[in-house]
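Values in this text are rule-based calculations from the coordinates and carry no lab data. Remember, predicted model here, so these are calculated numbers, not experimental data. When we count neighbours, we look across all protein chains shown, and the Cβ atoms used for this are built from the backbone with ideal geometry, even at glycine.
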Amino acid sequence: MPLQNRVTPFGEIIADPARGTFFGNRGGRIHNPATKTLTKRRWASRQWIICVLEFKNRQRQVMGNSYTELFFLDEVTALAAGHRPCFECRRAAAKAFFAANHAFNAMYPESMYADRPMRAPEMDMILHIERTSTDEKIPLVPSECPDGTVFELDGAAWAVRDGQLLHWTPAGYDRAIPVKGIGSHRVLTPMTTMCILQHGYEPTWHESADTI
């Protein structure tokens, strides 16, 4: 039986047999090592990161005595759930992510981050506020949002890519519809991350996105 360690674009953690292409964590352990089941907590700290599956030949026991390993279909999924690239195993991606954020902030002289890049703890604080806020998000039009932005349509997750919306499933994207003519819907991707996508960050997609 699969462990409950797969993350959806909604930020939920589910059990599913499909294999993810990225893994990460939410700042520590949120499972019981004896039973390999999640506790009531859904994060241990504000540091929600996205990692590669293999790094320096390290071997881990999933849901062992260390932090809780979480798996994502792809980076687009992880970003929608509120995670960001890891500075250790994905340093180039993390630097590009923060550089795109700085490009956005530099457009606004009144921003406290206009003259310097945001630090990781600062980014983690902002993303945590956005992903845990109970305020109703303003619906946006998918055609006006950058590729990699994920929306909720009729209870399902759809990702913007090349003028289409791709339907998300735990195993991959299984169908696409034209983005043109679709009205405003709730955005799952945090606003800060969406601005980063708008300013040049290119997330990694699951291979199924190229075949539909």
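Counting other beta carbons within 10 Å of each residue's own, what order do Y108, Y67, Y201 fall into, fewest first? The partial results should precede the final answer.
Details: Y108 10, Y67 19, Y201 22.
The order, fewest Cβ neighbours first, is Y108, Y67, Y201.
Helix hunt in the chain: which complete DSSP H runs extend at least 15 Å axially by C-alpha with mean Kyte-Doolittle at least -0.5? Please list the in-between numbers first.
Numbers: long enough: 91-105 (21 Å, 0.16); 120-132 (18 Å, -0.16).
Qualifying helices, which must be both long enough and hydrophobic enough, are 91-105, 120-132.
Listing L3, L70 from the residue with the fewest other Cβ atoms within 10 Å to the one with the most, what is the order?
Details: L3 18, L70 26.
By the 10 Å Cβ count, ascending, the order reads L3, L70.
Between D135 and A120, how many nm apart are label points set 7 Å from Cα along the C-beta direction?
2.8
Mark the label point 7 Å from the Cα of S66 along Cα→Cβ and return the residues of region 8-24 whose backbone N is within less than 17 Å of it.
22-24
What does the charge count near H167 come to, summing +1 for each Lys or Arg and -1 for each Asp or Glu among other residues with Cβ under 9 Å from its Cβ? Working shown, then result.
Details: positive: R175; negative: D174.
Summing Lys and Arg as +1 and Asp and Glu as -1 gives 0.
Please work out the Kirkwood hydrodynamic radius for region 4-80, using every pair of different C-alpha atoms, and report it in angstroms with one decimal place.
Taking the inverse mean of 1/r over all distinct Cα pairs, region 4-80 comes out at 12.5 Å.
Which one, A94, Y113, A209, is farthest towards the positive end of the dipole of the chain when Lys and Arg carry +1 and Asp and Glu -1 on their Cβ?
Farthest towards the positive end: A94.
So, by mean Cβ neighbours within 10 angstrom, what's the order for 187-195, 4-12 with the highest one leading? Mind dumping the intermediate values first?
Values: 187-195: 23.0, 4-12: 19.8.
Peptide ranking by packing, descending: 187-195, 4-12.
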